[in-house]
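Everything on this sheet refers to the single structure shown next.
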Amino acid sequence: MTRTSPWSDNKVTFDELSGKQLTNLIVKIFKMIDPKIEYSLSDSSEEVKAQVSDLLAILAFPEATDEKFIDEIFAGDKKQIDRIIYYCLKNFEDLKERAYLGSYLAPMDIPNEFLMDEEMRQLEAEFKELQNVFQQEHQELTQIRSKAPKNKDLQKEIKQLEAERDQLKVRISNFQQKAETKDPVAANQMRELLVATKLLRKEQEEENSLMDKLRIQKGNLEQAEKLLLMSKQRLFDTQKACGQEVS
């Protein structure tokens, strides 16, 4: 008797999905890539089509801006939907990163007539500068994460340290028993030394904790002072503007 693999069963099940079921599957995959997505492909309005096209453009899909291709997706074309599903699942993690960055780094489409205004041009420049700052910060964070030890490695190291600690406890206990048998006075002095060492370590930990709290409080104080200065400046500017209007 010939047995089919689970993959072949899944493939048959997938091939039997209707166009509507496939479009629902695409939306689920889109939402896994970008949780902010709220639309449904059952809504074939131009607005939703534009949103799908924008997402595919962010994901660097080759035919993202092809109107005929977008129409075929909404019509439930299995061939085109298969292509999108394969593309998304093949590059899933990279596409999640693209979608996350795309929501912050997408260019702002401002009509030229609005850019005639000086304030609008300044806001556009500030927006681009903030995007550059975000991109640099994200790159630094990515580098830090790549250098940080993985969770599995940390767990392995923790287990190893715990085993070494248990072995050390056993050795100390054995040493204390031998010392008490040979020299009770020395053993008593050793116990006092261990107690003093523990107290010293505890005081050092408390001191470090207090220093950390002090640094945090200083940082909060500096931030509060900056906000106060900004508020004073805004108040001054507002009063000045009001004075000019009255005059």
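The values are calculated or read from the model by the stated rules, or taken from the named source; none is laboratory data. Values in this document were obtained by computation on a predicted structure and should not be read as measured data. Don't worry about glycine lacking a Cβ; one is built from the backbone with ideal geometry, like all the others, and counts go over all protein chains shown.
The residue of segment 20-66 that is nearest to Gly102 (Cα to Cα), among those that are in contact with a Ser or Thr (Cβ under 9 Å, 6 or more places away or on another chain), charged (D, E, K, R) and touching a residue at least 12 places away in the same chain (Cβ under 8 Å), is Asp34.
Filtered by the rule that a residue be assigned to a helix (DSSP H, G or I) and surrounded by 15 or more Cβ atoms within 10 Å (Cβ to Cβ), segment 87-99 gives Tyr87, Cys88, Leu95, Lys96, Arg98, Ala99. Being within 29 Å of Lys36 (Cα to Cα) and free of Cβ contacts under 8 Å to residues at least 12 places away in the same chain is a property that Lys156 lacks.
Residues checked against (1) surrounded by 11 or more Cβ atoms within 10 Å (Cβ to Cβ); (2) at pLDDT below 80; (3) not in a helix (DSSP H, G or I):
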site: Gln136; (1), (2), (3): no, no, no
site: Gln139; (1), (2), (3): no, yes, no
site: Arg145; (1), (2), (3): no, yes, no
site: Gln167; (1), (2), (3): no, no, no
site: Ser173; (1), (2), (3): no, yes, no
site: Ala187; (1), (2), (3): yes, yes, no
site: Arg201; (1), (2), (3): no, no, no
site: Ser209; (1), (2), (3): no, no, no
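Filtering segment 58-86 to residues that are closer than 30 Å to Lys128 by Cβ and not in a loop (DSSP other than H, G, I, E, B) leaves Ile58, Glu67, Ile70.
Scan segment 100-116 for residues that are loosely packed, with under 11 Cβ neighbours inside 10 Å, outside any helix (DSSP H, G or I) and either of a type in the set (Gly, Ala, Ser) or out of contact with any helix residue (DSSP H, G or I) (no Cβ under 7 Å at 6 or more places or on another chain) (or both) and the total you get is 5.
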